[in-house]
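Below: the structure, in structure tokens.
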Amino acid sequence: MSDQIYNVLFLCTGNSARSILAEAILNRVGAGRFKAYSAGSHPKGEVHPFTLQLLKTLNHDTSFARSKDWQEFAVPGAPEMNFVFTVCDNAANESCPVWPGQPMTAHWGVPDPAEVEGTDAERHLAFAEAYRMLNNRISIFVSLPMSTVDKLALQKRLDEIGRDLPRAG
């Protein structure tokens, strides 16, 4: 088994909800094999309070959570990414910085819980659903045989992860 730690960057527009959730999930379920980061193309500057509340309720450490620009990861000295995943449609359609090392990329779009209107209960449910979807995808991702599968087959599987999961559970 490889001792390599894979760096993964989750991108979204605001970096206040979905990408932060994904970062927290992967850093927990990645069992030391993955190091997750998150960023946004137009970061909000703060993490959505419902994101922090959900993560705390699920016993995640939230000390990592801050809204940051994706350019932070495209400068000399930044961690070299093995994988870059967009988790919202806006970020997937924007021009991304050039990532050193040519990481593998995929789009794992998830509806934006921060855009949901309604009661607090309905809004919290939207955040929980985003978490569930991301957790399912990330759980599949971490089980992939990274060191033994060829790059083309791995890319195909990464793309499938973003397409194949049902939205309701």
Point to revise | Residue list for the range 29-46, restricted to those being within 14 Å of the chain's Cα centre (by Cα) and over 11 Å from VAL142 (Cα atoms) | key: LYS35, ALA36, TYR37, SER38, ALA39, GLY40, SER41
Practice item. Those residues that are closer than 20 Å to ILE5 by Cα and among the basic types (Lys, Arg), I need them from the range 16-74; list them, please. Key: ARG28, ARG33, LYS35
Practice item. Among the residues of the range 46-78, count how many are of a type in the set (Ser, Thr, Tyr) and farther than 18 Å from ALA126 by Cα. Key: 3
Point to revise | Selection count, the range 15-33, where residues are outside any helix (DSSP H, G or I) and either open to solvent by 10 Å² or more (accessible area, probe 1.4 Å) or touching a Ser or Thr at 6+ places or on another chain (Cβ under 6 Å) (or both) | key: 6
**Study point:** Scan of the range 46-63 for residues that are part of a loop (DSSP other than H, G, I, E, B) and open to solvent by 60 Å² or more (accessible area, probe 1.4 Å), ordered by number
**Key:** GLU46, LEU58, ASN59, ASP61, SER63
**Study point:** Count of residues meeting criterion [in a loop (DSSP other than H, G, I, E, B) and buried (at least 21 other Cβ atoms within 10 Å of the Cβ)] in the range 68-92
**Key:** 3
Exercise for review: Filter the range 110-158 down to the residues that are of a type in the set (Val, Ile, Thr) and not in a helix (DSSP H, G or I), then identify the one that is least open to solvent (accessible area, probe 1.4 Å).
Suggested key: VAL110
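Here's the yes/no breakdown for (1) of a type outside the set (S, T, N, Q); (2) modelled with pLDDT of 95 or more; (3) under 19 Å from ASN135 (Cα atoms):
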position: GLY30; (1), (2), (3): yes, no, yes
position: LYS35; (1), (2), (3): yes, yes, yes
position: PHE50; (1), (2), (3): yes, yes, yes
position: THR57; (1), (2), (3): no, yes, yes
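The values are calculated or read from the model by the stated rules, or taken from the named source; none is laboratory data. Since the structure is predicted, the reported quantities are computational estimates derived from the model, not experimental observations. Every residue, glycine among them, receives a Cβ derived from its backbone with ideal geometry; neighbour counts consider all protein chains shown. Ligands, DNA and RNA are excluded from the accessible area calculation, which covers all protein heavy atoms including side chains. Shrake-Rupley method; radii C 1.70, N 1.55, O 1.52, S 1.80 Å.
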